[in-house]
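What follows is a set of notes on a single structure, which appears directly below.
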Amino acid sequence: FADRPGAEPPLPFQFDNCAAVTAAWRERLPQLAAVVRAIAIAELEVDGAYVEAEHDGFFAHFDAAALSADDIALFPDYLVCVPPDRAAAAENAGLVEMLSAGLPVKVLVEATDLLEEAAMGTGHFAFGVRQARLANTATALGGVFVVQSTSSNLYAMRERLAHAFAHRGAGLISVYAGAGAVSELPAYLTAAAAMESRVFPAFSYDPYAGDNQAARFSLEGNAQPEADWPVTPLEYADDAQQRVIEETPFTLADFVLCDAPHAAHFARVPRAEWHDAMIPADEWLARDPRRAAEAIPYVLAVDRDDVLQRVLVDSRLMQMAARCRTFWHRLQEQGGIHNSHAEILLAREKAKWEQAQAAGAAGAG
């Protein structure tokens, strides 16, 4: 009826900030309760089941506090599309509180700069404090359907996204579209590289998929989810024009190498200056930290002349890579991969079995 002369315009259900949608929800809640009350009374009257002595008192006190999840589900959900440059704005500071309150809202957040500096001039990265880790924080709120992915992986996640939007209650969709990077790669490939390098891994959390974490949390879509970094074969010709195939991991350092503003964290070394103290970045990360100073980490790169180069990585970026790997390990545990509790229990039971076997062998002797 919105097209009738003098009719009030329809209420908007799409917003660009959390403060506005929270205010709209609170303002409309009494009206929503009045509509639900009218519907319930009408249904009873149509069936001839309305008894004044029984129902008048109940409906006289029917207000927003009496609304059930089924009542709220009769109405459209709210959609909040947070602009990339406003994710950290004051009007979005209440995002987590809004989600934890269980409002019927779906929030779409586009992550931009995944490599933001912790503080002006410090040169230290604040890896994922606001964006890459936002979705993981939301999984602990209870009742929130969460999906994190890159734009390159959205089609593969289409079923999870559909479930997120159909979910009764709050939902958060966090997407990295390759924006914020300054490189020669198209945004689509930048997004794919962010997911491949564990900088912005894909995962989903369905709070009502089951009664355990294994059913609710999924790392589906990530390459080689059991590994720290995805490993792929790199094929090239050496100085003698002989084919060489190396298994090469794709780490956070490889991803950052694609981002021009962070070139200062790297140093290219001519082949004539290569030496045994140089080791691949993933091997350096796997070392005991106390031996870190004994080696120099590098990643492989190809220059404009298609010549393979070793590129050294500075300590600050390697620290960031270590934090990225730690965060990935936490996601793996949530997804049931390398679960420390299960591994400890397995080791304990194995030790008991070995002791029992040893005791049995001693008794038989």
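Highlighted here are the helices (runs of 4 or more DSSP H) found entirely within the range 1-106 that include at least 2 residues which are open to solvent by less than 40 Å² (accessible area, probe 1.4 Å): 18-46, 52-60, 95-100. Every test in (1) more than 13 Å from residue 251 (Cβ to Cβ); (2) modelled with pLDDT of 95 or more; (3) open to solvent by 60 Å² or more (accessible area, probe 1.4 Å) is passed by residue 278 save one, and that test is (3). Number of residues in the range 179-217 that are at pLDDT below 95, more than 21 Å from residue 318 (Cα to Cα) and hydroxyl-bearing (Ser, Thr, Tyr): the value is 2.
Here is a yes/no grid of residues against (1) open to solvent by 10 Å² or more (accessible area, probe 1.4 Å); (2) closer than 18 Å to residue 256 by Cβ; (3) β-branched (Val, Ile, Thr); (4) without any contact (Cβ under 8 Å) to a residue 12 or more places away in the chain:
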| position | (1), (2), (3), (4) |
| --- | --- |
| 139 | yes, no, yes, no |
| 145 | no, no, no, no |
| 164 | no, no, no, no |
| 168 | yes, no, no, no |
| 172 | no, no, no, no |
| 192 | yes, yes, no, no |
| 206 | yes, no, no, no |
| 210 | yes, no, no, yes |
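Just one residue in the set 257, 252 is under 15 Å from residue 321 (Cα atoms) and touching a strand residue (DSSP E or B) at 6+ places or on another chain (Cβ under 7 Å); that residue is 257.
The values are calculated or read from the model by the stated rules, or taken from the named source; none is laboratory data. Predicted, not measured: the structure shown is a model, and the values here were computed from it. Don't worry about glycine lacking a Cβ; one is built from the backbone with ideal geometry, like all the others, and counts go over all protein chains shown. Just so you know, the surface numbers come from the protein's heavy atoms only, side chains and all, with ligands and any DNA or RNA stripped out. Shrake-Rupley method; radii C 1.70, N 1.55, O 1.52, S 1.80 Å.
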